[in-house]
Amino acid sequence: MTLSGRRAGVVTLKDVAAAAGVSVATASQALAGRGRMTDATRERVRRAAESLGYLPNAMARGLRTGRSHALGVHNQSAAESLGTAYFRDFLAGAIEAAHRHDHDLVVLSSDTHRPRTTAPRVDGVVVVDPIANDLRARELMEMPVPVVAGEHVPAHMPPCAVVAVDHATALRTVLDAAATAGASRPLLAAPDENSGWGELLREIVGGWCAERGTTPVLVSTQFGIRSVEHDRSLLTPVLAAHPEVDLVIGASPFAARGALEVLRALGRTPGGDVLVAACADEPALAEHDPAVTAVELPAHALGVACVERLIEILDSDGGAQDALGTVRTIPAPVHLRASTSGTVAATR
């Protein structure tokens with residue numbers, strides 16, 4: 001077959017049909033894996049398309065299948081979050097997975113208090129760190145497209161599929177290591193009920209304490225505030241009022257660093273008579289004196305896993321409905337450092 005009379009390099013479905021000796025409709029169905037025809041006919045069309053270098057028009061394919069082959073990513077403050085290594089690594093993983101499946105990845109517009117004026121043109125959405133008072137996250141989770149949450153969803157938000165870090169195993173590793181050092185009365189500074197992550201951390205610490213016949217001191221923070229000064233101000237009166245606390249766990253590195261400053265100001269010795277840990281790691285924690293025990297959150301792996309799960313849902317027969325409420329986890333390394341290596345019982 002000659003390609004004269006057409007623009008060089010542009011192969012159409014009509015060309016494929018002519019080369020295979022079938023109608024355009026049959027060629028379209030054969031390449032889409034649909035229609036009633038013999039295996040020989042389907043294979044003949046496939047070989048004709050391959051030999052001609054035919055690439056289906058993405059927009060036309062989308063009209064036939066109802067799929068845009070684009071996925072959305074939402075974060076409550078995406079532009080600001082790009083300043084964090086966590087969100088950059090998450091996006092890199094999500095992009096890597098999306099491109100592996102020949103999908104585009106779109107960062108959706110963020111505004112926690114103003115509703116969207118149009119629906120995003122995507123097949124599904126990954127909501128990174130869903131926060132209950134984020135209006136747009138809630139809108140997306142109520143849309144008739146699959147949604148995967150990258151981290152746990154607060155109890156009063158619409159359900160969806162979840163892919164999260166295995167915080168339970170990681171945090172219990174930290175708690176058990178602290179118990180070995182003699183700690184028994186933890187304080188947890190974690191995001192309030194607007195954060196599913198914060199809810200889970202409180203549940204884990206509460207359960208661990210109940211097993212030992214003690215109760216934790218709980219301090220609610222606001223998710224997304226990255227300020228040592230803010231956490232220091234929040235923790236100062238609480239730690240002053242609870243001298244019995246022998247383990248301080250900050251959900252964020254900022255809470256852990258704020259706690260170090262408060263404890264020293266109160267005349268206590270981090271890593272000695274009081275232990276300190278964080279549920280999220282950052283390089284600065286390893287450089288402190290003492291170096292702070294922390295859970296490493298594998299953001300890149302989480303981004304990959306969220307997109308893989310979303311595409312799996314899109315390609316499944318049951319779709320989003322069967323995935324509602326499902327939770328998959330990925331492991332998180334725990335770095336036990338000097339801040340939890342003291343012997344609390346010997347110094348109290």
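The residue pairs whose first member lies in the stretch 321-348 and is open to solvent by 50 Å² or more (accessible area, probe 1.4 Å), whose second member is modelled with pLDDT of 90 or more and in a helix (DSSP H, G or I), and whose beta carbons are closer than 6 Å, counting only pairs six or more residues apart or on different chains, are 336/177. Filtering 145, 153, 106 for residues that are within 23 Å of residue 67 (Cβ to Cβ), part of a loop (DSSP other than H, G, I, E, B) and open to solvent by 20 Å² or more (accessible area, probe 1.4 Å) leaves a single hit, 145.
Look at (1) open to solvent by less than 70 Å² (accessible area, probe 1.4 Å); (2) over 27 Å from the mean Cα position of the chain (by Cα); (3) in contact (Cβ under 8 Å) with a residue 12 or more places away in the chain and you find that residue 232 fails only one, number (1).
Can you find a residue in the stretch 315-338 that is assigned to a loop (DSSP other than H, G, I, E, B) and of a type in the set (S, T, N, Q)? Checked the stretch 315-338: at least one residue is assigned to a loop (DSSP other than H, G, I, E, B) and of a type in the set (S, T, N, Q). Could you check the stretch 109-142 and list, in sequence order, the residues that are touching a residue at least 40 places away in the same chain (Cβ under 8 Å), of a type in the set (Lys, Arg) and either surrounded by 15 or more Cβ atoms within 10 Å (Cβ to Cβ) or in contact with a Cys (Cβ under 8 Å, 6 or more places away or on another chain) (or both)? The answer is 136, and nothing else.
Residues checked against (1) out of contact with any Pro (no Cβ under 6 Å at 6 or more places or on another chain); (2) assigned to a helix (DSSP H, G or I); (3) open to solvent by 10 Å² or more (accessible area, probe 1.4 Å):
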site	(1), (2), (3)
179	yes, yes, yes
189	yes, no, no
199	yes, yes, yes
218	yes, no, yes
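Condition first: farther than 25 Å from residue 227 by Cβ, more than 18 Å from the chain's Cα centre (by Cα) and not basic (Lys, Arg). Can you find one or more residues in the stretch 152-173 that meet it? So far as the stretch 152-173 goes, yes, one or more of its residues are farther than 25 Å from residue 227 by Cβ, more than 18 Å from the chain's Cα centre (by Cα) and not basic (Lys, Arg). Can you pull out the residues in the stretch 295-314 that are in contact (Cβ under 8 Å) with a residue 60 or more places away in the chain and outside any helix (DSSP H, G or I)? Result: 295, 297, 298.
For the stretch 312-339, the set of residues classified as under 15 Å from the mean Cα position of the chain (by Cα) and of a type in the set (A, V, I, L, M, F, W, C) consists of 327, 330, 332, listed by residue number. Residue 4 meets each of the listed conditions (1) of a type in the set (S, T, N, Q); (2) at pLDDT below 75; (3) in a helix (DSSP H, G or I) apart from (3). Within the stretch 253-279, the set of residues being small (Gly, Ala, Ser), under 20 Å from residue 296 (Cβ atoms) and open to solvent by 10 Å² or more (accessible area, probe 1.4 Å) comprises just one member, 271. Within the stretch 30-46, the set of residues being in a helix (DSSP H, G or I) and modelled with pLDDT of 80 or more comprises 30, 31, 39, 40, 41, 42, 43, 44, 45, 46. Inside the stretch 280-303, residues that are over 30 Å from residue 105 (Cα atoms), in contact with a Gly (Cβ under 6 Å, 6 or more places away or on another chain) and buried (at least 24 other Cβ atoms within 10 Å of the Cβ) make up a count of 0.
Kindly indicate the residue of the stretch 65-84 that is surrounded by fewer than 13 Cβ atoms within 10 Å (Cβ to Cβ) and closer than 30 Å to residue 29 by Cα and also modelled with the lowest pLDDT among those meeting that condition. That would be 65.
For the stretch 235-252, the candidate set comprises residues that are of a type outside the set (Val, Ile, Thr) and in a loop (DSSP other than H, G, I, E, B); within that set, the residue that is most open to solvent (accessible area, probe 1.4 Å) is 243.
Scanning the stretch 263-285 for residues that are in a helix (DSSP H, G or I) and within 16 Å of residue 239 (Cα to Cα) yields 263, 264, 265. Scanning for something at pLDDT 95 or above, out of contact with any Asp or Glu (no Cβ under 9 Å at 6 or more places or on another chain), under 22 Å from residue 206 (Cβ atoms) and not charged (D, E, K, R), does the stretch 320-328 turn up at least one residue? Yes - at least one qualifying residue is present in the stretch 320-328. Each residue in the stretch 47-60 was checked for being part of a helix (DSSP H, G or I) and either at pLDDT 90 or above or surrounded by fewer than 16 Cβ atoms within 10 Å (Cβ to Cβ) (or both), and 7 pass. Residues that are open to solvent by 40 Å² or more (accessible area, probe 1.4 Å) and part of a loop (DSSP other than H, G, I, E, B) within the stretch 201-216 comprise 212, 213, 215, listed in sequence order.
The values are calculated or read from the model by the stated rules, or taken from the named source; none is laboratory data. Quantities reported herein were computed from a predicted structural model and do not represent experimental measurements. Reconstructed Cβ throughout: ideal geometry from the backbone, glycine too, with neighbour counts over all protein chains shown. The area values use the complete protein model at the heavy-atom level, side chains included, leaving out ligands, DNA and RNA. Shrake-Rupley method; radii C 1.70, N 1.55, O 1.52, S 1.80 Å.
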